[in-house]
Amino acid sequence: MKRLYALIVLCFVMFVLQACQEPTKEDVIEDLDQKQQELRSYHAEVMMEISTGENAQVYDIDLSYMVDDFYRVVMKNDQSEEDQVILKNEEGVFVLTPALDKQFRFQSDWPDNFSQPYLYASLIEDVLTDEQAVFENEEDRFRFSVQTNYKQNDQLASQDIYFDKKTLAPLSVHVYDKTDQEVVNVTFNSFSEGIEFEADYFERELDESLDMHDSDQAEESLGEIDVHYPMNTLGAELIEETWFDDEDRHRVMLRYSGANDFTLVQELKEPDANTSHVMASSGDVVFLENQEGVLTDQSLTFSNSGVDYYLSSETLNPIEMVQVVESMQPSMQK
């Protein structure tokens, strides 16, 4: 009888010890992997602050995901009146500027091609692929310190990713440069799983409901183009400046030559109220200082304040193209 009682006590103690045992790094990684595979949909409200220039850029992000890699990401920048939308569905990947009725459509592996600090699947993937990931089990959250994958910015070297201890929901992300200075700070203000979206929620037509400028306002805004010149030309000099003007557009082409050769085109067009501007391309979505752009191996395209910008080069790499664009200043500061 005593042996039976001792055996029962021993089993009970082992059960309690097992229940109290903290999960290991391998346990949490396995749970994250399973979570990613089973996740069907979610909606999140995110705040992202980027401090790569003199002033921090703050984005409010409304993010929706549905299985089969459907995304709808609405970004509001505190220094821009034009909301931008990244949309991925069965048609492809789009960067939309509803206020200008403008759309970039391109073939891309986004968001799988490099780190996306505001996307849950990307954060999990960064954890899964870093064999040297450092794990910390904190009071109510898990922290992973891992490497990043930003091919358009090699200064972003590492990141701390925090997950809720009970639900594994993302809590925050801190991205650091090579000197361990924080460059990107992402906070998930809300994260809800199992959301039922309307059938057309990830279609482009839905985004017509976002703020749109009327045609009269667009026509009044068409004036002289305020040319922007790059301060960082990476050893190139401006050798030619050509202007093209007609009734419904202003266009200027800047050609640079020297240690590197590149061409920068800036164009202001009068919107056609009956036409949606769809520009086909290939490339990746990248964050610039206050807007998103489309980056390829030899070009960088973006829109800002109604002006389309197109940088092309056979000698600059993607990182250098971003550096040139982010150094652009208005003509009065040339």
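The values are calculated or read from the model by the stated rules, or taken from the named source; none is laboratory data. Everything numeric in this text was worked out from a predicted model, so none of it was measured. All Cβ positions, glycine included, derive from the backbone under ideal geometry; neighbour counts span all protein chains shown.
Structure summary
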quantity: Residue within the range 82-93 that is within 29 Å of F144 (Cβ to Cβ), touching an Asp or Glu at 6+ places or on another chain (Cβ under 7 Å), modelled with pLDDT of 70 or more and surrounded by fewer than 19 Cβ atoms within 10 Å (Cβ to Cβ) present; calculated: no
quantity: Some residue of the range 150-160 being in contact with a strand residue (DSSP E or B) (Cβ under 9 Å, 6 or more places away or on another chain), over 26 Å from M321 (Cβ atoms), surrounded by 19 or more Cβ atoms within 10 Å (Cβ to Cβ) and at pLDDT 95 or above; calculated: no
quantity: Contacts under 9 angstrom Cβ, first residue in the range 248-267 being on the phi > 0 side of the Ramachandran plot, partner surrounded by 15 or more Cβ atoms within 10 Å (Cβ to Cβ) and of a type in the set (A, V, I, L, M, F, W, C), 6 or more apart; calculated: G258/L234; G258/A236
quantity: Qualifying positions in the range 237-268 - surrounded by 15 or more Cβ atoms within 10 Å (Cβ to Cβ), among the charged types (D, E, K, R) and assigned to a strand (DSSP E or B); calculated: R251, R255, E267
quantity: Qualifying residues in the range 153-181 (those that are small (G, A, S) and in a strand (DSSP E or B)) - the one nearest to L32 (Cα to Cα); calculated: S172
quantity: Residue selected from the range 265-304 under the condition over 24 Å from E224 (Cα atoms) and among the small types (G, A, S), by the criterion modelled with the highest pLDDT; calculated: S299
quantity: Pair list, Cβ under 6 Å, 6 or more apart: the range 32-60 residue farther than 16 Å from I195 by Cα and free of Cβ contacts under 8 Å to residues at least 60 places away in the same chain, other residue assigned to a helix (DSSP H, G or I) and acidic (D, E); calculated: none
quantity: The range 184-200 residues that are charged (D, E, K, R), paired with ones that are exposed (fewer than 14 other Cβ atoms within 10 Å of the Cβ) (beta carbon under 8 Å, 6 or more apart); calculated: E193/R40
quantity: Answer from E193, E138, E203 - the residue that is farther than 30 Å from V265 by Cβ, more than 22 Å from the chain's Cα centre (by Cα) and either in the same structural domain as D83 (by TED's automatic domain parsing) or modelled with pLDDT of 90 or more (or both); calculated: E138
quantity: Those residues of the range 99-135 which are over 23 Å from I50 (Cα atoms) and not in a strand (DSSP E or B), in sequence order; calculated: A99, L100, D101, S108, D109, L128, T129, D130, E131, Q132, A133
quantity: Hits in the range 291-306 (condition: surrounded by 19 or more Cβ atoms within 10 Å (Cβ to Cβ) and either more than 17 Å from I86 (Cα to Cα) or β-branched (V, I, T) (or both)); calculated: V294, S299, T301, G306
quantity: Odd one out for V146, checked against (1) under 21 Å from S51 (Cβ atoms); (2) at pLDDT below 95; calculated: (2)
